[in-house]
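Notes follow once the structure below has been shown.
The values are calculated or read from the model by the stated rules, or taken from the named source; none is laboratory data. Please read all numbers here as calculations on a predicted model, not as lab measurements. Cβ: placed from backbone, ideal geometry, glycine included. Neighbour counts: every protein chain shown. All accessible areas refer to the heavy atoms of the entire protein, side chains included, with ligands and DNA or RNA removed. Shrake-Rupley method; radii C 1.70, N 1.55, O 1.52, S 1.80 Å.
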Amino acid sequence: MSTRISMTVNGKAVSAEVEERTLLAAFLREHLRLTGTHVGCDTGHCGACTVLLDGKAVKSCNMLAAQAQGANVTTIEGLAAADGEMHPMQVAFKASHGLQCGFCTPGMVLSAVELAGKLKNPSEAQIREALDGNYCRCTGYHNIVKAVQTGLANMG
Amino acid sequence: MSATGIGARVERKEDRRFLTGAGQYTDDVLLPGQTYAYFLRSPHAHAKIKTINSAAAKAAPGVLAVFTGEDIAGKVNGLPCGWLITDVNGQPMKEPPHPVLAQGKVRHVGDQVALVVAETYFQARDAAELIEVDYEVLPAVVKASDADKPGQPAVHDIAPDNVSYVWALGDKAGTDAAFAKAAHVTRLDFHNNRLIPNAIEPRAANASYNRADESYTLYVANQNPHVERLLMTAFVLGLPEHKVRVIAPDVGGGFGSKIFLYAEDAALTWASRQLCRPIKWTADRTEAFLTDAHGRDHTTTAELALDQDGHFLAMRVKTRANLGAYLSTFASSVPTILYATLLAGQYKTPFIHCEVTSVFTNTAPVDAYRGAGRPEATYVVERLVSTAARELGIDQAEIRRRNFVTQFPYQTPVALMYDTGDYNAIMNKALQMADVAGYAQRKTATQAKGLLRGIGYSSYIEACGLAPSNIAGALGARAGLFEAGEIRVHPTGSVTVFTGSHSHGQGHETSFAQVVSDRLGIPIENVDVVHGDTGRVPFGMGTYGSRSLSVGGSAIIKALDKIIAKGKKIAAHLLEASDADIVFKNGAFSIEGTDKNVPFGGVAFAAYVPHNYPLDKLEPGLNENAFYDPTNFTFPAGTYICEIEIDPQTGQTRIDRFTAVDDFGNIVNPMLVEGQVHGGLAQGIGQALLEECRYDPESGQLLSASYSDYAMPRADDLPSFQIGTTCTPCTHNPLGVKGCGEAGAIGSPPAVINAIVDALAAYGVRDVPMPATPQRVWQAIQNAKA
């Protein structure tokens, strides 16, 4: 069974006929070829697939593409400015060496961006707690925490 | 030091693509005519396959083929093991077949039974559900401790007692004699908990066949594509190597688990030829838990003999290692060569004897995971040392100092020759950084809160850059252990570096570029590093065992030396001077003692546009490659100090401070080194406090087969770390580097457990098993009170 879905992804209107059981992550990766959204577990634990859905960080492997009908989705490909200038959170991750293999990074960065609307000048403990939905196996989180602190400060 | 040279904290060249979604991991590769694979796996730990009926699956929509063991029998060989261990009786280890698709029997939950290929992933998965497999379920042997007991089922017919080998290292008679005269013996029994590596990118492969030239291309999430190709072509598929290209593109973490040649890679490659279509497979997380090679799983009895002053006289270790159901690629070397050789630690223990019994069980294969044998050895040594200090009433730092190796080179009684080190300097820095002087005050403050505080030490050593090839060969390695590098200077003076090392998070594209830019005196932007592609890189042994910079970097240095030597000859011609008078410095060739010079780019241009060029003496072009085979291991070492607080009401442990001081020799990029240490510490602390792979002991079902059941550290499980370094440069490689990738995972577990035991010492607790979960810590307190 297929269904027609339409949404805005990274500022562009997209529409496609997909199998009903298609997950949002698969829709982004397979149909739109936005492969920056990664799937690390397909059970909602690892957070690599995190995207912003109407500004809210969601795990795109844990919802159907059809559930994003009409929504405004931002993936990691849509975070930098049109001229290629990276978002302050991306800059902070690079400056703080907040990534190694890069696989968890898109979800980690988007989860961190969402924090800006939630926490003002968060403590290290608050950041660690807020990143609870995103696994990283490379960095031990040390530099991710630093990156998020810097990124949030620079987002103003 | 320049802003981007050796020693500088250079931001990574690879980061932009990872931060903007432009990375290309195996699952991101989409080939024309792409098809998708799904592997039907065994739901049983041990069973005979009586029949497989795949007719309905073959007829399902979109299905192109269903392959089972019968289809590949006689065509596809089993997976090889890359290291032959010879047992105590001089016999080769028992090396049972490791089929790519099960041949009449399954031996662990997740063993691959059938490969379904379809136009879409959903079609392949749906069709797999239509395959009817009639199993005769057999009793399973799950625990290594049971494996050779009478009456246990045999995992393989060729090993009726489930023992692959019994292996030993060291002077048994000397060790026993030293124990006989010891003033004190410390003995511990423990289990080094089984771990599941869990790179966040699951394993993936995409294989294709090109009818035009009868060649294959395999994209695969792998740490050593040339080794993967060699093993797959020569041993499994019988293909000529030059017809197979293996590409390991961006790889989302490895930690050892992507070193190995896996059945899925070979099955896909073979099947792509049958269908003449590219076939992609990506593991889901459950498959990763079930089928990625696991790590550790040693059960050990360890004893340390000391004199009355706390000097170590001898160490005696008996270990049982769980190999799982099959011998994975380097499984046999991990509990032997990479384990027993490290039992000297940082200490001049004169006699050491270690005996290892490695057994098959109906569980997933066990192989190298970050540290691979060395964390197990360090746990043995550092738990013994800390326990002995407590028993003898000697300060933890003092007992270590009393026994440190201080003269180098140092020949251990377990085969290794340490080239250099200064363990006292490391200890001094660690004590200072950890503010051990302020510990008593912090303990008082903790006690005032009704909590317990403990401090734990661990002084580890590791051996990196497994080498040299001839000695490794004599010890059973079935591969060389060198590395290859190529420097391609382009006509305009920019450089492409081809390395056989592979980066799956380490940042070689930056650190290797720093080395080349530093040596050639050219901007780092003019240097790109290519890795992970047998079609572009001359050869390579890949990245594992913290070998990339010490071995791969040395190959690059050798190639650079050739470039500079040739450049001098070209410059001599251009400057009308003698070769011997040319010096190369700051990116220019000059006549020594003059300001007459030609820049590197000028020499490169002359090499490719050889109008004014000594064609009678020199070939045009500026492209050199080199192979580097080390003369010894490198020996990073460190002291880690961990302070924890325990809530005795709940058993919850919180790491309050963690200090790691390491001697990695010279450092190319401190920022990357710190990142490696942080990550290693997280995995080691994960082992100590959280992670445990657990099978049901009867059914052999994996109980920890999801992130709900396997506790991997999250951000709020860990502290920020204090990291420091000391430096004694490696004496035998040109960069003086040692390796930093595994140190954190090696050194940290005993530091954590020693801290917990210290906190519980008042209760008389002597040991807490890993992972020291709240339940276990609480139980230890209750048992001690009872």
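Observations
- Relative to its residue count, region B:177-261 spans a Cα convex hull of 163 Å³ per residue.
- Of the residues B:T406, B:T20, the one with the largest accessible area comes first in the ranking B:T406, B:T20, computed with a 1.4 Å probe on protein heavy atoms.
- As an equivalent ellipsoid, region A:2-78 spans semi-axes of 17, 14, 11 angstrom, where each value is the square root of five times an eigenvalue of the C-alpha gyration tensor, largest first.
- log10 of Debye I(q)/I(0), alpha-carbon scatterers only, for region B:125-185 at 0.14, 0.20, 0.30 Å⁻¹: -0.72, -0.86, -1.23
- Environment charge of A:A16, counting only residues whose C-beta is closer than 15 Å and scoring Lys/Arg +1, Asp/Glu -1: +1
- If you bin all the Cα-Cα distances of region A:50-103 at 10 Å, starting from zero, the percentages per bin are 20, 44, 29, 6.
- Ligands, DNA and RNA excluded, the heavy atoms of A:R21 present near 80 Å² of accessible surface to a 1.4 Å solvent probe.
- The H on the amide N of B:L64, modeled in the peptide plane, is under 5 Å from the matching H of B:V117, B:A118, B:E119, each at least 5 residues off or on a different chain.
- According to the Kirkwood relation over distinct C-alpha pairs, the hydrodynamic radius of the protein assembly as shown is 28.9 Å.
- With the convex hull drawn over the C-alpha atoms of region B:52-210, the volume per residue is 204 Å³.
- Charge dipole (debye, nearest 20) of region B:526-680; +1 at Cβ of Lys and Arg, -1 at Cβ of Asp and Glu: 460 debye
- Dipole magnitude for the protein assembly as shown: about 580 debye, using +1 per Lys or Arg Cβ and -1 per Asp or Glu Cβ, origin at the Cα centre.
- Applied to region B:287-294, the Karplus parametrisation 6.51 cos²θ - 1.76 cosθ + 1.60 on θ = phi - 60° returns per-residue 3J(HN,Hα) values of 4, 4, 4, 7, 10, 5, 4, 7 Hz, with x for Gly and Pro.
- Values of log10 I(q)/I(0), in the order q = 0.10, 0.15, 0.21 Å⁻¹, for region B:606-755 under a Debye, Cα-only, solvent-free model: -0.55, -0.88, -1.21
- Distance from region A:3-17 to region B:380-447 (C-alpha centre basis), Å: 61 Å
- Kirkwood Rh and Cα Rg combined as Rg/Rh, region B:224-329: 1.19
- In region B:1-64, the ratio of gyration radius to Kirkwood radius, Rg to Rh, stands at 1.32 when only Cα atoms are counted.
- Separation between Cα centres of region B:719-786 and region B:458-478, rounded to whole Å: 24 Å
- Each principal axis of region B:721-783 carries a Cα extent, and these read 55, 21, 19 Å when sorted largest first.
- Of every Cα-Cα pair in region A:7-47, the percent that sits beyond 17 Å: 32 percent
- Rounded to whole Å, the principal axis extents of the Cα atoms in region B:413-569 read 70, 42, 29, largest first.
- For B:D579, the shell of other residues with beta-carbons less than 15 Å away shows a net charge of +1, using +1 for Lys and Arg and -1 for Asp and Glu.
- Here the Kirkwood formula puts the hydrodynamic radius of region B:482-628 at 15.5 Å, using every distinct Cα pair.
- Once the Kirkwood radius over Cα pairs is known for region B:328-386, the Stokes-Einstein relation at 10 °C and 1.306 mPa s delivers a diffusion coefficient of 128 µm²/s.
- Projecting the Cα atoms of A:T74, B:F404, B:N669 onto the charge dipole of the protein assembly as shown, computed from C-beta unit charges around the Cα centre, puts B:F404 farthest toward the positive end.
- Largest accessible area first, the residues A:K94, B:K258, B:K596, B:K13 order themselves as B:K596, B:K13, A:K94, B:K258 under a 1.4 Å probe with ligands, DNA and RNA left out.
- Each other residue within a Cβ distance under 10 Å of B:F404 adds +1 if Lys or Arg and -1 if Asp or Glu, for a net charge of +3.
- Out-of-range pairs (alpha-carbon distance over 31 Å; input A:K146/B:K13; A:K59/A:K120; B:K13/B:K738; A:K59/B:K143; A:K12/A:K118): A:K59/B:K143
- Each principal axis of chain B carries a Cα extent, and these read 90, 72, 52 Å when sorted largest first.
- Using alpha carbons only: equivalent-ellipsoid semi-axes of region B:666-786, gyration tensor based, whole Å: 33, 20, 13
- Equivalent-ellipsoid semi-axes of region A:43-156, from the Cα gyration tensor, Å, largest first: 21, 16, 14
- Rh (Kirkwood; distinct C-alpha pairs) - region A:88-155, Å: 11.4 Å
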